[in-house]
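Data first, discussion second: the structure below is written as structure tokens.
The values are calculated or read from the model by the stated rules, or taken from the named source; none is laboratory data. Keep in mind that this is a model prediction, so the values were computed, not measured. Cβ placement follows ideal geometry from the backbone for every residue including glycine, while neighbour counts extend to all protein chains displayed. Quick note on the areas: whole protein, heavy atoms, side chains included, nothing else; ligands and nucleic acids left out. Shrake-Rupley method; radii C 1.70, N 1.55, O 1.52, S 1.80 Å.
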Amino acid sequence: MTGSCASAPEAEGGGQDLVVGSAGWWKQRYAARAGRRPRAGGLTLGSIMDVALEIADREGLDALTMRAVADRLDVRHTSLYRHVASRDELLVELVDHMLGEVGLPGPGPDWRADTEAGAREYRRVIRAHKALVPLIPRGQLLGPNALRAREHGLRLLTQAGWPPAPAVRIYLTVTHYVVGAVVLDTGGAARTAEQRAAMADLFTSLPAGRHPLVTTHSALLGGPDGDEEFDFGLRCLLDGIAAQERSL
């Protein structure tokens, strides 16, 4: 991914290694795939990713190694190199494989409803694979499934009448909101009902003279769960976009 120091093979004529997950790396990878012939009865990238996702979901990213995937597939780990040359490449491809689970809503008469449905579906999928969430903001989502979703989201907006420039801004803003919300909701900021109650108790115990509003509204501050916060934020975001529809 973009934050990784791992490198792919040298690009033709480039003379420099490419950062795994970068635009240049994906461009080279797409070109290599176009000229590759599948081997009858051999490993496929899809079968490798299915096993990798299962390991990540059940055991976490620390357990996800090239050797672990190969063992599950009952092959030598060197057999994976035709499809993924390193663990970094495995992780980049795995994030895109996960995005293949996103169901794309059909175009309807209401761009807002379509965009909201897409945002909720995106959130559902990545929340189902919490081990992969930290990988998403580390790299550029440029794999085939990510591009499929990007193309679809832009088509919904442009067909609804949005000019290209605001359509792109809307798509990116909503996508980034979903990713940011899920990162917080599945990371250290995630709060169970017990954690929210403990937070409210902490707020109540604070000196009222120093934190009058926090202590007074302790129950409200500790009240919303992740779903409520996401719903409110998405609604406000789309309300704001709709209000500026003519000026964007």
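Percent of accessible area on the chain owned by carbon and sulfur, 1.4 Å probe?
Answer for the chain: carbon and sulfur cover 55 percent of the accessible area.
Would you please state the base-10 log of I(q)/I(0) at q = 0.08, 0.12 1/Å for the chain, with intensities from the Debye formula using one equal scatterer on every alpha carbon?
Scattering profile of the chain, log10 relative to I(0): -0.42, -0.85.
Normalising by the residue count of the chain, find the relative contact order in percent from Cα pairs under 8 Å and 6+ residues apart.
On the way: 237 pairs, mean separation 40.4, N = 248.
Dividing the mean separation by the residue count of the chain yields 16 percent.
Any chance you could look up the accessible area of LEU141 with a 1.4 Å probe, heavy atoms only, rounded to 10 Å²?
Counting only protein heavy atoms, the figure is 40 Å².
Over the chain, with the other protein chains present, what is the accessible area per residue in square angstrom, probe 1.4 angstrom?
56
Show me the trypsin sites (Lys or Arg not before Pro) within segment 155-248 that DSSP assigns to loop and that have at most 10 other Cβ atoms within 10 Å of their Cβ.
In loop regions of segment 155-248 (DSSP not H, G, I, E or B), the sparsely surrounded trypsin sites (Lys or Arg not before Pro) are ARG210, ARG246.
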